[in-house]
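Heads up: the structure comes next, in structure tokens.
The values are calculated or read from the model by the stated rules, or taken from the named source; none is laboratory data. Not measured: the values here are computed from a predicted model. We place every Cβ from the backbone using ideal geometry, glycine too, and count neighbours over all the protein chains shown.
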Amino acid sequence: MTGLVPPQPSEGFERSPLSPLQPFDIDHPTHIALIEPDTAFWGLVHKDRLVETMAGGELLDTYRAKAQVFAAEMDMLRFHLKPSAVYFNPTERCNLNCSYCYIPEQMRRGGDQMDKATVLDALERLHGYFRSHMPEDRLPQVIFHGAEPLLARQAIFAGIEAYGDRFRFGVQTNATLLDEDAVSFLTSHGVGIGLSLDGPTPEVSDRTRRRWNGDGVFDHVVRAIDRLDGYPGYNVICTMTTQNLPYLTDMVEFFHARRVPACMLNVTRCTLPGARMVNGDDDDVATAFIAALERTHQLYLETGRKLVVANFANILIAILAPTARRLMCDISPCGGGRSFFALATNGDLFPCSEFIGVPEFNGGNLFTQPIEEVLDSAPFRLVTGRKVEDIEGCDTCVIRHFCGSPCPAEAHEMNGGMKQKGAFCRFYEEQVRYALRLIADGRHEDFLWDGWDAGTEVACAIG
Ligand code: SF4
Ligand code: SF4
């Protein structure tokens with residue numbers, strides 16, 4: 001495993017002071033990447049041609065001709081978006097007590113819950129805000145999140161019915177309450193559904209995802225997956241921890257066998273101490289993650305059916321078409337407070353759900369203040385102003401715009417401040433190396449959704 005230090009221009013490959021392109025070794029037998037970090041422009045060149053390519057030629061000419069356009073696109077993506085989504089927490093309560101949850105235990109045990117009138121009032125206010133700046137033909141997104149949002153099922157289903165033509169809705173649930181009626185309601189209203197499962201067997205999955213009395217919920221989640229069979233709008237999140245890393249390849253086999261259309265293999269966000277207890281080592285996470293991705297590829301070749309690992313697909317897209325990325329953790333500033341925000345049960349607004357357990361990041365309240373004012377509050381500006389350029393090590397990192405140095409909540413709570421890195425530098429580095437190797441080998445499309453590039457334009461293609 002390479003990368004014991006942040007990915008600076010690769011040692012062993014001479015860097016030309018005159019060339020904006022910096023070499024980045026991708027551990028490929030024949031090719032190396034050349035990257036212009038500020039614009040995220042890159043090329044893959046044969047190692048034998050590295051020196052001449054850095055000195056001049058088509059790649060450098062193309063970069064110079066388009067540098068301003070690329071810089072303007074990156075500036076737009078990083079600094080000029082307006083929120084188009086909200087993570088809506090209708091309840092603080094949860095019927096599970098997962099080891100790595102970022103919501104404090106006292107909230108999950110007996111916190112507040114919105115009633116139907118409050119959910120409808122919140123949706124009306126959110127609708128007014130989004131309509132003030134989004135085009136008519138683009139629907140803002142509301143993702144019911146938690147804690148466990150289906151504990152407030154009556155209220156959120158009323159909201160989905162009343163506002164179904166004004167928002168795109170999603171629900172992120174632990175799946176224990178996804179009975180036949182709930183599945184039928186959500187699928188018939190076209191609601192995106194995210195579930196969570198951490199292992200291919202009860203023995204593994206129940207290590208981290210349990211009820212308060214210690215009982216596991218594996219069987220419930222698998223029943224929900226079976227009920228959702230054939231519905232394209234769902235995915236399953238597997239959180240990678242020390243408890244399930246050896247089973248990650250089995251996990252993707254399990255998902256593929258059950259025809260899950262997409263999954264996420266997420267790292268634990270280490271904002272609260274509980275998550276740090278099960279947080280895997282970067283190199284172990286990277287090794288298990290890449291092995292699992294390779295297994296999804298074999299399964300695709302064997303069956304013709306893809307299991308897209310959405311968080312990795314996002315890294316690939318960040319490289320191939322930076323402005324087309326869908327998830328906003330791996331860009332700096334991250335999406336928290338700028339492309340979306342989070343609504344807590346009492347109406348308080350946070351840049352991201354990850355901050356809900358950290359009161360100093362409360363920027364204001366939906367029911368008492370205009371949203372624009374909250375977005376410009378000091379707590380929001382702390383997050384929206386966190387840039388890789390200000391973080392030591394990231395400021396000179398070649399892949400800083402493919403990684404983004406997530407997560408500000410971890411940096412603040414675990415590492416001592418916004419100018420620190422988050423938790424998984426080497427893991428991100430290895431993901432980017434692997435993604436560039438796939439591109440070098442022409443295998444990358446096999447890891448992406450069919451039609452992922454619809455609506456994008458080719459700005460640059462050489463060789
Ligand atoms: S990096 Fe952290 S704060 Fe930012 S969007 Fe991701 S989880 Fe939220
Ligand atoms: S956290 Fe990301 S941007 Fe920062 S040095 Fe590591 S790989 Fe680079």
In the set 362, 314, 346, the lone residue that is in contact with a Leu (Cβ under 8 Å, 6 or more places away or on another chain), modelled with pLDDT of 95 or more and not β-branched (Val, Ile, Thr) is 362
Restricted to the range 416-426 and to residues being surrounded by fewer than 18 Cβ atoms within 10 Å (Cβ to Cβ) and away from ligand 1 (no atom under 13 Å from the Cβ), the residue nearest to residue 385 (Cα to Cα) is 419
Q. Is it true that some residue in the range 414-437 is farther than 30 Å from residue 297 by Cα, within 11 Å of ligand 2 (Cβ to nearest atom) and hydrophobic (A, V, I, L, M, F, W, C)?
A. no
Note on residue 285: of the conditions (1) of a type in the set (Val, Ile, Thr); (2) within 16 Å of ligand 2 (Cβ to nearest atom); (3) part of a strand (DSSP E or B), unmet is (3)
When (1) assigned to a helix (DSSP H, G or I); (2) touching a Phe, Trp or Tyr at 6+ places or on another chain (Cβ under 6 Å); (3) within 9 Å of ligand 2 (Cβ to nearest atom) are applied to residue 398, the one that fails is (1)
Selection from the range 57-111 of residues under 23 Å from residue 386 (Cβ atoms) and polar (S, T, N, Q) yields 84, 89
Flag if residue 360 is free of Cβ contacts under 8 Å to residues at least 24 places away in the same chain, away from ligand 2 (no atom under 11 Å from the Cβ), farther than 20 Å from residue 130 by Cβ and not in a loop (DSSP other than H, G, I, E, B): yes
State yes or no: is residue 311 of a type outside the set (Ser, Thr, Tyr), out of contact with any helix residue (DSSP H, G or I) (no Cβ under 8 Å at 6 or more places or on another chain) and surrounded by fewer than 21 Cβ atoms within 10 Å (Cβ to Cβ)?
yes
For the range 315-334 the number of residues that are within 16 Å of ligand 2 (Cβ to nearest atom) and either surrounded by fewer than 21 Cβ atoms within 10 Å (Cβ to Cβ) or in a loop (DSSP other than H, G, I, E, B) (or both) is 10
Output for Cβ contacts, cut-off 8 Å, separation at least six or different chains, first residue part of a loop (DSSP other than H, G, I, E, B) in the range 408-423, second of a type in the set (S, T, N, Q) and within 14 Å of ligand 2 (Cβ to nearest atom), reads 421/405; 421/415; 422/405; 422/415; 423/415
Given (1) surrounded by fewer than 16 Cβ atoms within 10 Å (Cβ to Cβ); (2) touching a residue at least 24 places away in the same chain (Cβ under 8 Å), residue 237 misses just (1)
Picked from the range 339-354 (must be part of a loop (DSSP other than H, G, I, E, B) and more than 9 Å from ligand 1 (Cβ to nearest atom)), the residue surrounded by the most Cβ atoms within 10 Å (Cβ to Cβ) is 344
Checking 406, 333, 379 in turn, the sole residue that is at pLDDT 95 or above and within 11 Å of ligand 1 (Cβ to nearest atom) turns out to be 333
Margin query: Residues that are in contact with a strand residue (DSSP E or B) (Cβ under 9 Å, 6 or more places away or on another chain) and more than 19 Å from residue 196 (Cβ to Cβ): does the range 265-276 have at least one?
Written below: no
Within the range 89-99, residues at pLDDT 85 or above and either assigned to a loop (DSSP other than H, G, I, E, B) or over 11 Å from residue 145 (Cα atoms) (or both) come out as 89, 90, 92, 93, 94, 95, 96, 97, 98
